[in-house]
Structure formats: structure tokens, C-alpha cells
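J.: Attaching a single structure in C-alpha cells format; questions to follow.
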Amino acid sequence: MSTLTRTATLLLAAAIVLPASGCARNKAKGDTAYVARDVNTLYSLAKRRLDQGDYVEAAKIFDEVERQHPYSVWARRAQLMSAFSYYVGEKYTDAVSSAQRFLTIHPGNKDAPYAHYLVAMSYYQQIEDVTRDQRTTQQAADAFGELVRRYPQSRYASDARLKLDLINDHLAGKEMEVGRYYQRAGNWLAATTRFRTVIDKYQTTSHTPEALERLVESYLALGVPDEAKKAAAVLGANYPGSKWYKRAFALIQRHTPQS
């Protein structure tokens, strides 16, 4: 998930309103050594670097706007533009740091929802395959969840809800991967715990039918057929036409004593 989605790009672009360019009286080379410059010169230089695709350099110059002119009307906007520049430059740790700094200093600002969105998207872009550690995935879920809770009517909320659905499916996939591993190792109790997590915590994801069927397998292996039948009944009630119910039904039939 290293590339920007079209939706994210549109939302990000919509949030950025740049000021009119000032006269660039200083022909600076773009280095960030402290050289006193007026705010219009610095901001215009940063904008040019951003437009040219030199995102990290743009971010550093936006940081200079705040450093040299902390009480300027553009200092606050420069903080947010720094976070945005780091984000599009794929420097996600720096983007999170800059956006969180903005939120710490300006928690009630009208652009706070956008800063939260930048934080969440920075984590989202770093989500790894389910075979890898999912700490960043959980951070993305937490960040999007906070955005929805705090600003449910913001322009970013609907995209955040969509991303949360995708993230939850991803986290459920990780639980399934670990559960299947425990099954293969014959560690049925540990497998059961993972599949129950999917059902209890991620019940609206695409992994629920398989988790229920895997529970049937695990409960039968543990010698608790009544629990297996309960899982199969839930599977049949909610996913009667799925291949997972057919497998669970066949398993129950094989383990039911013939009269």
C-alpha cells in the first residue's frame, strides 16, 4: 500500500490552499541552514520545491517558515504543509511527527481533522502483508478511529470509515493466518482463540465464514462436539450457501454417531 489512492490524493489536494506567492528576493539554493529570509520568500521557495516534486526539501523549508517566523500568520499553515510534503515524499515517520506537532499546538484548529487524516494515512501507507508484524496496521486503525470519533461530519470521515473496513479485514486476515498455523501444528486451543477473535472482533469481515468453519474443526479436534455444533449452526444461519458451511456440515455429519 505504498502508493497514494486516488481518493486520498483528491482529499489531500482539496485541503491545501496556498497563499499568494510573495516576491522571492533571495535566490537561495534550497539548503536549510539558517539564513534569515522574509516569510514570503521562504514560503514561495517551499511551494516551488513542492511543485517540482522535491518533497523532502519542501518540507524542510516549510519547517524554516515556522522556525524563523513562529508568530507569522503563515507559521501554522507551514506546519501542516510540512507534514503534507513529508507524506507525499513517503517520509511517513516525519509526516506523523509534523502532523502530531500541529495537533499538539493547535488542537482546536479548523485544519485539525486534516492533520489527523495525514497521521492515519501515513500509517496506512506502511501496512505490511499479513505475514509481517501488524503493529502499523493497528496504529492506522486507531488513528482512523480517532478521526471518525472526533470529526464524524468532516470531509475525511467517509474515507476513514472505508479505510477502517479494509484495515479490519487485514487484521482479521492476520488472525486467520496465525490460527491456521496453530492448526497445522496441532495446537487446537491456540487456534480456537485466534478464530474466536475474528468472530468476536471482526465479525463483519470476509474472514468470518472461514473462522466459523475452522472453529468447527478445532472444537471437534478438542473433543467438544457440542461447541462445534454451535459454531456450525451460526455458520449455517448466516452463510447457508457458503462452501464453509458445506464443509462444516460434512464434518458434523461424520462426527455424529449413527443410530
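J.: Out of the residues in region 97-126 that are within 11 Å of Ala143 (Cα to Cα) and hydroxyl-bearing (Ser, Thr, Tyr), which is surrounded by the fewest Cβ atoms within 10 Å (Cβ to Cβ)?
T.: Out of the qualifying residues, it is Tyr123.
J.: Right, something else. Being among the basic types (Lys, Arg) and in a loop (DSSP other than H, G, I, E, B) is the filter here, so list the residues in region 66-104 that pass it.
T.: Hit for region 66-104 is Lys91, nothing else.
J.: Please pick out the residue among Arg194, Arg180, Arg247 that is closer than 26 Å to Tyr124 by Cα and touching an Asp or Glu at 6+ places or on another chain (Cβ under 6 Å).
T.: Answer to the check: Arg194.
Per-residue answers, yes or no, for (1) surrounded by 22 or more Cβ atoms within 10 Å (Cβ to Cβ); (2) at pLDDT below 95:
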residue	(1), (2)
Asp169	no, no
Ala172	yes, no
Ala211	yes, no
Glu217	no, no
Ala221	no, no
Ala231	yes, no
Ser259	no, yes
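J.: What are the residue pairs meeting all of these: first residue in region 244-257, first residue touching a residue at least 24 places away in the same chain (Cβ under 8 Å), second residue outside any helix (DSSP H, G or I) and among the aromatic types (Phe, Trp, Tyr), Cβ atoms under 6 Å, and 6 or more apart or on different chains?
T.: If the second residue must be outside any helix (DSSP H, G or I) and among the aromatic types (Phe, Trp, Tyr), the pairs left are Tyr245/Tyr239.
J.: Could you name every one of the helices (runs of 4 or more DSSP H) located completely within region 105-220 that has at least 3 residues being under 30 Å from Tyr245 (Cβ atoms)?
T.: Those helices (runs of 4 or more DSSP H) span 157-184, 188-201.
J.: May I pose another question? Any chance you could count how many residues in region 47-73 are in contact (Cβ under 8 Å) with a residue 24 or more places away in the chain, closer than 20 Å to Asn109 by Cβ and surrounded by 20 or more Cβ atoms within 10 Å (Cβ to Cβ)?
T.: Residues flagged as in contact (Cβ under 8 Å) with a residue 24 or more places away in the chain, closer than 20 Å to Asn109 by Cβ and surrounded by 20 or more Cβ atoms within 10 Å (Cβ to Cβ) within region 47-73 amount to 3.
The values are calculated or read from the model by the stated rules, or taken from the named source; none is laboratory data. Note that the structure is a prediction, hence the values are computed from the model and not measured. Neighbour counts run over all protein chains shown; Cβ positions are idealised from the backbone, glycine included.
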